[in-house]
Amino acid sequence: MEQEPTPEMPNKEMLNAFIDGELAPKDMERIAALLAERPDLDQWVRRQEEMRVGMKDAFSDLLSAAPPDRLLAAAKTAPLSWRWRIKRFTTERVLASAGAMLALGLVIGVALQPPSEIVTRGGQVMAQGALATALNDRLASDGYAGAGARIGISFRNRDGRDCRTFEAGAQSGLACHGDKGWAIALLIARPNAESSGAYRMAGSEMPDALRAAVTASIAGEPFDAAAEKEARDRGWK
Amino acid sequence: MEETGSPAVKDADMDWSDEDIRARIVQLLPRLRRFAAALTGSIADGDDLVQDTVERALKNLHRWEPGTRLDSWMFRIAKNRFIDTRRSHKRSGVVGTEVPEDAPAMVSDGARAADARLMLKDVAGALARLPLEQREALVLVSVEGFSYRDAADVLEIPIGTLTSRIARAREALAEFAPEG
């Protein structure tokens, strides 16, 4: 049976912890005092300390050397997770407020004029007309083809419903499919809506509240192009 | 320049933009290169590993938890990628880690370059003789300056396992290396 090591009777792991500065200050002192009386242990510790320094020195020039261009290029230009762009906003307290609004089933608007494609039916805010058609038929890759809404991302929510983000006129929103069609879960005024025809990055231009709403309700990954098309072709869940 | 395993930038300074994250990864490149060189045994192989690590990290950034250490997360990716690569090399019959004769000089000064190359080669050669689990534990603590707790976190092992791996690694290195 092995005896529990003490600073007076240290084992190698304790001496290693001493070398690495991982002991409590009091134990560091006690080991240091012990080494003064035990040349055998002292020699072992010194040798290990030399090896530790040597090992670090051997690689130290890599720290001051400029990284090769290919590594700099990778860090600066390699594709970045678009889900990160959604996730990072959850750290900015948007999630709490947007999540609460979603839970209450509220549709929010800032100086919002609900377009005629959005109506209240049976206590639910529903898409109709061109917006409903776009949500049913359009793919994200279609962009602004002609009139109507542009589709952002599509995903399955935690209730098992298919949901899609959209931009229509000066508004952005999130709609989830149900038995009676597309229910509007969130509708907000879009900043800089006048630039709506220009090419924009889907991730970076998504309003914060919408991002947060997606993050709060998504189950798993958003649909890729194939999954989006498949969901459309089978008529949305 | 002395460095530690502690994060260079606090979360409070982060604005979480793409540019911010990329700049942070650029800052980490020297430490990642050192870690990867020590793991693989050569600067060239290490740089391949770093490139793979950076690309993976950016692609999977949503898996990183803001508020936790970005450096630890990237070191963990590097370690896991190295293990994966070794496995696939083993399957395809490629021989394991070797220290190449032509490891590039790390400093321009002639004599010092030769010394540095020799040192890197010797140390990398000794490290390469250690089992990987001992090598990664020792490198994180002795070269990268991680605390036991943070190193155990990178390797996803209990601290007790980490300390026993370090102890075994140091015993083994003392046997390989001639008395100085």
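Here, each number is a calculation from the coordinates, and none is a lab measurement. Being a predicted model, the structure only gives us computed values, none of them experimental. Backbone-built Cβ (ideal geometry, glycine too); neighbour counts: all protein chains shown.
When you look at the Cβ of every residue in B:157-168, what mean number of other chain Cβ atoms sits within 10 Å?
Numbers: counts 0, 0, 1, 1, 0, 0, 7, 3, 0, 7, 7, 2.
Mean shielding by partner chains, rounded to a whole number: 2.
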Please compute the length gained on full extension between A:Asp159 and A:Asp40, using 0.36 nm multiplied by the number of residues separating them and subtracting their Cα-Cα distance. 36.1 nm
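How many Cβ atoms of partner chains, on average, are near each residue of A:76-87 if near means within 10 Å of its Cβ?
Working: counts 7, 2, 9, 3, 9, 10, 2, 5, 11, 5, 1, 7.
The mean count of partner-chain Cβ atoms within 10 Å per residue comes to 6.
When ranked by the protection proxy of mean other Cβ atoms within 10 Å per residue, highest first, what sequence do the peptides A:56-69, A:36-49, A:170-183, B:24-37 form? Could the numbers behind the result be given before it?
Numbers: A:56-69: 17.5, A:36-49: 13.6, A:170-183: 20.4, B:24-37: 23.0.
So the peptides A:56-69, A:36-49, A:170-183, B:24-37, ranked by packing, come out B:24-37, A:170-183, A:56-69, A:36-49.
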With a Förster distance of 51 angstrom and the Cβ-Cβ distance between A:Thr6 and B:Val26, calculated FRET efficiency to the nearest 0.05 equals 0.65
Placing each pseudo-label 7 Å from Cα in the direction of the beta carbon, A:Val119 and B:Arg149 end up separated by a distance in nanometres of 6.2
Averaged over its residues, how many other protein chain Cβ atoms are within 10 Å of peptide B:45-58's Cβ atoms? 4
Please list, in chain and number order, the residues 5+ apart from A:Ala185 or on another chain whose amide H is under 5 Å from its amide H, with Hs placed from the backbone. A:Leu174, A:Ala175, A:Cys176
Around A:Asp137 (Cβ within 12 Å, Cβ-to-Cβ, excluding A:Asp137; K/R +1, D/E -1) the net charge comes to +1
Quick check: pseudo-label points 7 Å beyond the Cα along Cα→Cβ at B:Arg129 and A:Glu50, how many nm apart are they? 1.7
Using θ = phi - 60° and the Karplus form 6.51 cos²θ - 1.76 cosθ + 1.60, what ³J(HN,Hα) does each residue of segment B:71-87 get, whole Hz, x for Gly and Pro? 5, 4, 4, 6, 4, 5, 4, 4, 4, 5, 5, 5, 4, 4, 5, 4, 4
Pop a pseudo-label 7 angstrom from the Cα along the beta-carbon direction at both B:Glu65 and A:Asp179 and give the gap in nm to one decimal. 4.0
